[in-house]
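A quick write-up on the structure given underneath.
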Amino acid sequence: MSAMIDEARALRAEDSLDVVRLDAYLKGVIPGLAGVPEIRQFHGGASNLTYLITYGERAMVLRRPPPGVTGAGAHDMLREAGVMAALRDSYPYVPAILARCDDPAVIGTPFYVMERLVGVILRRDLPAGLGLDAAGVRALCMTFLDRLIELHAVDTTRPEVAAIGKGEGYVARQVSGWTGRWDRAATEGVDPYGDVIAWLRAHQPARESRLCVIHNDYRFDNVVLDPADPLHIVGVLDWEMATIGDPLMDLGGSLAYWVEADDDADFRALRRQPTHAEGMLTRREAIAYYGARTGIDVGDFAFYEVFGLFRLMVIAQQIYRRYVLGQTTNEQFAGFGEIVRVLGARCRRLIGTGGDVP
């Protein structure tokens, strides 16, 4: 299993850090650090930047926003660290926060440092050495959903937890907020998808199904599996968008990444996690499982599914706009315009059927 542990790689030139200033800062706030740090980078994400900082045997992870102008409220690493600190006592899968820095003089942006969770992170395909048959894959999938269900059961009456979000009115704020972000992220020639936006506005539920802590980006490559037992999740990462909101919005956001083996070719080409593997629950099965475990009515899920795809489409367009404007030279972002087109087309197909694409 050690060969499957998620490892950092060499820094991209555009993402380099001021090692001298960072070293001085970290030694001033984290006891016991000695020597010169080695800095490497995790290349899996497409939004915020994540680095592995090691001092000998001591390893930690630094998170910072991407370079360039970002949308209002986006990439707020200090808020993410605050959310993680607020949730850690209630949800043991949150990594411990070691430092928070709001001084841009250190590395050019605010950032935080957390403990490193050593484990396996699933990407596009299941590693050959994972050792899971179809029944094991199904058990892993259910465990993945169970951790989300546990998060949605966190006590929101605790003041530090209640403070992470506004709660009531969440769905309406999301529809308004993400459609506004879509408008601001436009690039030349992009389809405005006015029909999709109009459908979302017309079909949004009048109130939340329930209010709870939601992750808002819960997917397989944001969970860390125990290297000794892949059915055991040891951590959940990427808490930037966590808040108090509607759990069905959270599930819909997760399912936007859920590509199945018999989906259309364009959607299959977007797959970044192994939801096509034999034994994985289908989207319909995942929704039914969630409803059975929580008691929440999931009978009319079309809005949540379409909104999850639309939100992912906006995120991809925001990243693509940064690439078009030259704020990043990362070539993986050059194809994000096509991702937007595929997601938009899928939204339209779902709207046409009122449910999932057969």
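Just one of (1) on the phi < 0 side of the Ramachandran plot; (2) out of contact with any helix residue (DSSP H, G or I) (no Cβ under 8 Å at 6 or more places or on another chain); (3) modelled with pLDDT under 95 fails for H75. It is (1). For R88, the test of being at pLDDT below 95 and more than 17 Å from the chain's Cα centre (by Cα) is failed. You will find that of E240, E260, E278, E285, the residue that is over 29 Å from P65 (Cβ atoms) and touching a residue at least 60 places away in the same chain (Cβ under 8 Å) is E278 and no other.
Yes/no per residue for (1) assigned by TED's automatic domain parsing to the domain that holds D15; (2) crowded, with 19+ Cβ neighbours inside 10 Å; (3) under 18 Å from V234 (Cα atoms):
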| residue | (1), (2), (3) |
| --- | --- |
| E57 | yes, no, no |
| R63 | yes, yes, no |
| P92 | yes, no, yes |
| A105 | yes, no, no |
| P110 | yes, yes, no |
| V120 | no, yes, yes |
| D133 | no, no, no |
| G136 | no, no, yes |
| E150 | no, no, yes |
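Scanning the range 188-198 for residues that are surrounded by 14 or more Cβ atoms within 10 Å (Cβ to Cβ) and not hydrophobic (A, V, I, L, M, F, W, C) yields one hit, Y193.
The set of residues from the range 168-189 being under 20 Å from the mean Cα position of the chain (by Cα), touching a residue at least 12 places away in the same chain (Cβ under 8 Å) and closer than 16 Å to D246 by Cα comprises Y170, V171, Q174, V175, W178. Picking from residues in the range 225-262 that are among the charged types (D, E, K, R) and in contact with a Leu (Cβ under 9 Å, 6 or more places away or on another chain), the one that is surrounded by the most Cβ atoms within 10 Å (Cβ to Cβ) is D250. Listed by first and then second residue, the pairs with beta-carbon distance under 6 Å, at least 6 apart or on different chains, first residue in the range 107-131 and under 12 Å from A277 (Cβ atoms), second buried (at least 20 other Cβ atoms within 10 Å of the Cβ) and not polar (S, T, N, Q), are L122/F220; L122/P274; D125/P274; L126/P274; L130/P230.
Restricted to the range 199-224, and to residues there that are among the aliphatic types (A, V, I, L, M) and touching a residue at least 12 places away in the same chain (Cβ under 8 Å), the residue that is surrounded by the fewest Cβ atoms within 10 Å (Cβ to Cβ) is L211.
Quick grid of which residues meet (1) within 26 Å of G245 (Cβ to Cβ); (2) over 21 Å from the mean Cα position of the chain (by Cα); (3) of a type outside the set (D, E):
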| position | (1), (2), (3) |
| --- | --- |
| I287 | yes, no, yes |
| G291 | yes, yes, yes |
| F303 | yes, no, yes |
| R311 | yes, no, yes |
| N330 | no, no, yes |
| F333 | no, no, yes |
| I339 | yes, no, yes |
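Which residues, taken from the range 187-223, are more than 24 Å from G169 (Cβ to Cβ) and among the hydrophobic types (A, V, I, L, M, F, W, C)? The answer is V190, F220, V223. Mind checking whether some residue in the range 223-235 is under 30 Å from L325 (Cα atoms) and in contact with a helix residue (DSSP H, G or I) (Cβ under 9 Å, 6 or more places away or on another chain)? No, the range 223-235 has no match at all. Looking across the range 283-341, the residues that are modelled with pLDDT of 95 or more and not in a helix (DSSP H, G or I) come down to G295, I296, D297, V298, F301. Residues of the range 156-193 that are farther than 17 Å from I315 by Cα and either of a type in the set (S, T, Y) or assigned to a helix (DSSP H, G or I) (or both): T156, T157, P159, E160, V161, A162, Y170, V171, A172.
So which residues in the range 243-255 are touching a residue at least 60 places away in the same chain (Cβ under 8 Å) and either of a type in the set (A, V, I, L, M) or under 17 Å from R341 (Cβ atoms) (or both)? Correct list: I244, M249, L251.
Could you check, for the range 306-321, whether at least one of its residues is surrounded by fewer than 16 Cβ atoms within 10 Å (Cβ to Cβ) and not polar (S, T, N, Q)? Looking through the range 306-321, none of the residues is surrounded by fewer than 16 Cβ atoms within 10 Å (Cβ to Cβ) and not polar (S, T, N, Q).
The values are calculated or read from the model by the stated rules, or taken from the named source; none is laboratory data. Keep in mind that this is a model prediction, so the values were computed, not measured. Every residue, glycine among them, receives a Cβ derived from its backbone with ideal geometry; neighbour counts consider all protein chains shown.
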